[in-house]
1. Got a sec? Which of Thr149, Thr155 is surrounded by 14 or more Cβ atoms within 10 Å (Cβ to Cβ), under 22 Å from the mean Cα position of the chain (by Cα) and of a type in the set (Val, Ile, Thr)?
2. For segment 205-257, enumerate the residues that are of a type in the set (D, E, K, R), part of a loop (DSSP other than H, G, I, E, B) and more than 13 Å from ligand 2 (Cβ to nearest atom).
3. Let me spell it out: the conditions are (1) assigned by TED's automatic domain parsing to the domain that holds Ala219; (2) surrounded by 14 or more Cβ atoms within 10 Å (Cβ to Cβ), and Tyr107 meets all of them except one. Which number is the exception?
4. Within segment 268-281, restricting attention to residues that are surrounded by fewer than 23 Cβ atoms within 10 Å (Cβ to Cβ) and more than 8 Å from ligand 1 (Cβ to nearest atom), which residue is nearest to Ser213 (Cα to Cα)?
5. Being crowded, with 19+ Cβ neighbours inside 10 Å and near ligand 1 (Cβ under 9 Å from one of its atoms) is the filter here, so list the residues in segment 250-267 that pass it.
6. Can you tell me which residue in segment 319-360 is farthest from Glu178 (Cα to Cα), limited to those that are surrounded by 24 or more Cβ atoms within 10 Å (Cβ to Cβ), of a type in the set (Ser, Thr, Tyr) and in the same structural domain as Tyr299 (by TED's automatic domain parsing)?
7. Is it the case, given these coordinates, that Leu232 is away from ligand 1 (no atom under 12 Å from the Cβ) and in contact with a strand residue (DSSP E or B) (Cβ under 7 Å, 6 or more places away or on another chain)?
8. Can you name the residue in segment 282-318 that is within 29 Å of the chain's Cα centre (by Cα) and within 13 Å of ligand 1 (Cβ to nearest atom) and, of all such residues, is surrounded by the fewest Cβ atoms within 10 Å (Cβ to Cβ)?
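The values are calculated or read from the model by the stated rules, or taken from the named source; none is laboratory data. Please read all numbers here as calculations on a predicted model, not as lab measurements. Note that each Cβ is placed from the backbone with ideal geometry, even for glycine, and that neighbours are counted across all protein chains shown.
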Amino acid sequence: MKRKKRKFKNKIFILLILFISIIFFYYLINYLFISNVNVSNLKNKGYTNEEISLLNENEEILKYASINEYNEDLIKLIKSKDFDQTKFENYIKYLKDNECSVIDAVYIVNNDINYEYSKDLVGIIKEKYFIITRLQRYMNYLDKNNDYTYNEVVTLVNCNRDLEYYVDAVKTDISYNELMIANKHYSLDNNFEPDDLVVIENNYTKVSNAKLSLAAYEAFKELSDAAKKEGLSILAQSAYRSYETQNNLYNKYKQTNGITWADTWSARAGYSEHQTGLALDVLSKNVTSLGDFENTNEYEWLLNNSYKYGFILRYPEDKTEQTGYNFESWHYRYVGKDVAQIIHDEDLSFDEYFAYYVLKK
Ligand code: DAL
Ligand code: ZN
């Protein structure tokens, strides 16, 4: 009885070994046969052993190499630092359709760019503030302004300078709250009025009944107090302006100085940041003219410190092309501390900040 059982056990064991061996040899023969065919095929095409082992890492690539002629770019491609195996087919197609280097093709495909190759394309897409949905606009703008640098093209298109002031303007999205934009491309409804306007206390303003949105006002008081501690006086001169007030102001400028002058110094009604309740013009105690403000210690202090309180100089001297307005040393815009810090550190106009960081398209 015992012997019978042992015999049975041995049989099972032998069968198992046999089964495992069959499977092992099946795969071994298969592997040796297939890879030998491939290796000699690839060797005949001109690939080195090192290259073949690289190709061998991915079935799709191996297959491609074995049915096509020797391709130096293929090796460059799989060796490149940012090569992504899942995009293999796209690289190959881009390289086939465009005369460009492997490095450029990898960069273009990795960034999901589907656009005919040119040196300009690479220049544009490598710009820090490049926004993919604006690619065609950048290329068109560059076409019309081929003396501009790629940086200028991206910056100006981000500020919508390829569009026509007022004509192509759209309604601004007020749900961005303290990041809502008002400029020659984004307008406010005639009846838009912030619902949290507060009257500025007398010791923070040179004019009575000046108003700001609550958060902007709190931040302005903090700013003004900090300046005061350093012996400086920063006071509101003009803050919130309704559509009607702005309309009267603009029309007065237009009548007195003509439309070109008016449009570079004043917003048309509906396009003014003053209507948002988030902007204000400032002066110091002893200065009565806006034009003189840039020569004051207060202006100097604001240049270095306003961002710490959430304010930015809205129309800087070196960004008039972006903002569409002349340099205004007196006009500050509340955006909150975090955003003001970025705008300060990256030296952006609010217009470009808005396109790249808020709208993202
Ligand atoms: N001065 C600025 C541009 C305004 O009128 O809103
Ligand atoms: Zn202003």
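1. Details: Thr149 fails: surrounded by 14 or more Cβ atoms within 10 Å (Cβ to Cβ).
After ruling out the rest, the residue left standing is Thr155.
2. Residues of segment 205-257 that are of a type in the set (D, E, K, R), as a first pass: 206, 211, 218, 221-222, 225, 228-230, 241, 244, 252, 254.
Now restrict to residues that are part of a loop (DSSP other than H, G, I, E, B): 206, 230, 241.
Matches in segment 205-257: Lys206, Glu230.
3. (1)
4. My answer is Gly270.
5. Hits for segment 250-267 are Tyr250, Ser266, Ala267.
6. Tyr332
7. Details: away from ligand 1 (no atom under 12 Å from the Cβ): yes; in contact with a strand residue (DSSP E or B) (Cβ under 7 Å, 6 or more places away or on another chain): no.
Criteria not met by Leu232.
8. Quick first cut of segment 282-318, residues within 29 Å of the chain's Cα centre (by Cα) only: 302-318.
From what's left, within 13 Å of ligand 1 (Cβ to nearest atom): 313-316.
Details: Leu313: 23, Arg314: 23, Tyr315: 24, Pro316: 19.
Applying the filter and picking the extreme gives Pro316.
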